[in-house]
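Visitor: Next up is a structure, given as structure tokens.
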Amino acid sequence: MTFARRAGRIAVAAGSLTALLAVAACGGGGDESAGGGGDTAPSADSSYTEKGPITYVQGKDTSGHVPKQIAKWNKEHPDEKVTLQELPDNADQQRAQMLQNAQIKSDKMTVLSVDVVWTAEFAANQVIDELPADQFSTDDFLPATVQTATYFDKLYAVPATSDGGLLYYRKDLLDKYDLKPPTTWSELKDACDTITKGEDKSKLNCFAGQYNKYEGLTVNFSEAVNSAGGVVVGEDGKPNVNTPEAQSGLDVLVNWFKDGTIPKGAITWQEEQGRQAFQDGKLVFLRNWPYVYSLAEKDDGSSKVNGKFAVAPLPGLDQPGVSSLGGHNMAISKYAKNKGTAVEFIKWWTNQENQKSYSLATSQAPTRTALYTDPELTKEYPYMPILLKSIETAQPRPKAVKYGDVTLAIQDSAYAALQGQIPTQQALSELQTKLESLIK
Ligand code: GLC
């Protein structure tokens with residue numbers, strides 16, 4: 001496969017992360033979608049031969065499985081041991097720590113688990129290396145995931161896990177009231193009204209996603225906009241968020257906060273707080289990622305809803321909704337040592353066998369296409385076809401070198417609207433102006 005970009009999707013602003021990062025020595029950046037800017041991305045480092053101990057850096061491992069998989073590698077590679085460094089579970093904090101590591105040119109981090117939205121920013125600013133593409137075949141990976149790992153048609157990371165938003169719902173309650181999983185927002189609201197009439201309202205809330213002011217809010221805001229037929233950034237690579245469609249999506253979230261469909265407290269929730277509420281039996285519906293499934297399904301007493309819930313596609317305005325494409329790719333930190341081991345470790349971690357055992361243990365979405373029809377995986381996780389569809393129809397977030405500023409602008413506007421501080425129309429018009437200055 002060539003690493004052909006999806007035409008017109010990508011908008012990239014030139015420049016460096018002046019505030020956080022002083023390493024932008026590459027002259028990288030530029031607008032991929034403009035085509036005429038020339039390929040200014042840095043070229044591959046050819047010194048992938050050094051072997052020895054390395055670190056693998058990722059966000060908090062909620063599954064407990066990552067150390068086990070690393071132990072397996074360490075047993076097979078006693079002279080090239082991998083040490084796990086866990087960062088907070090908040091995506092923005094992970095990004096900041098990885099950028100800081102590059103800023104001080106530290107060799108402490110070797111292999112980075114890079115959120116799919118950071119590739120352009122990290123590549124242009126030489127936080128991560130271009131990978132030796134001849135050593136990595138991406139043919140067997142979902143094309144959308146490979147897109148997230150490339151910048152200027154060059155491979156900067158290998159897709160390790162994908163992510164698509166899912167609607168977790170209390171099957172026991174829907175069955176009790178003879179309801180089907182909702183496909184639209186109004187069906188979801190109606191289902192809640194019916195269920196809460198018959199249940200103890202003080203103990204059961206209707207719906208939640210991620211609304212704290214961090215990357216998860218960018219995801220949930222984008223999903224609301226996309227699921228109402230709007231866009232944040234259009235096919236032409238230009239911001240186009242000040243539209244009636246985008247407003248009707250944002251209005252739904254704002255109204256649901258106002259009328260209690262979403263509990264007020266959810267304004268501080270990230271993925272984990274929502275998962276906890278759902279597992280405690282306090283929510284009928286939850287928008288979250290696939291990792292929640294294996295944890296909510298545990299029968300060790302940690303989840304009150306095991307055996308009582310199921311998964312459906314996200315709902316939308318008048319048809320099923322659109323997920324934001326999530327996931328993580330493995331990249332090599334620019335200032336790392338032992339990059340030869342890093343290359344081998346990435347190959348090993350993302351091979352079919354290890355992806356399968358990882359997905360079985362964590363319910364995270366694989367990036368290899370074949371695993372979506374793997375009998376063992378589909379038996380364990382019957383919603384695999386729903387997940388695949390969520391990923392295949394997902395919208396990527398803007399692929400921008402100034403992604404940190406782009407996401408902050410989205411978070412500021414969305415948060416102010418959700419809190420009722422500014423009308424949704426004003427939030428979107430202000431956001432449009434900000435995005436236009438960040439995405440050229
Ligand atoms: C998940 C997704 C990632 C997203 C993050 C937001 O980790 O995989 O892409 O940015 O959630 O909280």
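Visitor: Considering only the range 310-324, state which residues are within 16 Å of the ligand (Cβ to nearest atom) and open to solvent by 10 Å² or more (accessible area, probe 1.4 Å).
Guide: The answer is Leu314, Val322.
Visitor: How many residues does the range 396-406 contain that are open to solvent by 10 Å² or more (accessible area, probe 1.4 Å) and within 12 Å of the ligand (Cβ to nearest atom)?
Guide: 2
Visitor: Any idea which of (1) open to solvent by less than 10 Å² (accessible area, probe 1.4 Å); (2) within 15 Å of the ligand (Cβ to nearest atom); (3) not polar (S, T, N, Q) is the one Gly340 doesn't satisfy?
Guide: Status for Gly340: all satisfied but (2).
Visitor: State whether the residues of the range 291-309 include one that is within 30 Å of Ile128 (Cα to Cα) and either within 14 Å of the ligand (Cβ to nearest atom) or in contact with a Gly (Cβ under 8 Å, 6 or more places away or on another chain) (or both).
Guide: Yes, because at least one residue in the range 291-309 is within 30 Å of Ile128 (Cα to Cα) and either within 14 Å of the ligand (Cβ to nearest atom) or in contact with a Gly (Cβ under 8 Å, 6 or more places away or on another chain) (or both).
Visitor: Just to be sure, is Ile267 buried (at least 24 other Cβ atoms within 10 Å of the Cβ) and either under 23 Å from the mean Cα position of the chain (by Cα) or not polar (S, T, N, Q) (or both)?
Guide: no
Visitor: Of the conditions (1) more than 24 Å from Thr367 (Cβ to Cβ); (2) within 15 Å of the ligand (Cβ to nearest atom); (3) open to solvent by 10 Å² or more (accessible area, probe 1.4 Å), Asp251 satisfies every one except a single condition; which number is it?
Guide: (2)
Visitor: Exactly one condition in (1) within 24 Å of the chain's Cα centre (by Cα); (2) open to solvent by 10 Å² or more (accessible area, probe 1.4 Å); (3) over 20 Å from Pro382 (Cβ atoms) is false for Asp163; which is it?
Guide: Evaluating Asp163 over (1) within 24 Å of the chain's Cα centre (by Cα); (2) open to solvent by 10 Å² or more (accessible area, probe 1.4 Å); (3) over 20 Å from Pro382 (Cβ atoms) leaves (3) as the failure.
The values are calculated or read from the model by the stated rules, or taken from the named source; none is laboratory data. Only a predicted model underlies this, so the values are computations on that prediction, with no experimental measurement involved. In this analysis, Cβ positions are derived from the backbone assuming ideal geometry, glycine residues included, and neighbour counts consider all displayed protein chains. What goes into the accessible areas is simple: the full protein's heavy atoms, side chains included, and nothing from ligands, DNA or RNA. Shrake-Rupley method; radii C 1.70, N 1.55, O 1.52, S 1.80 Å.
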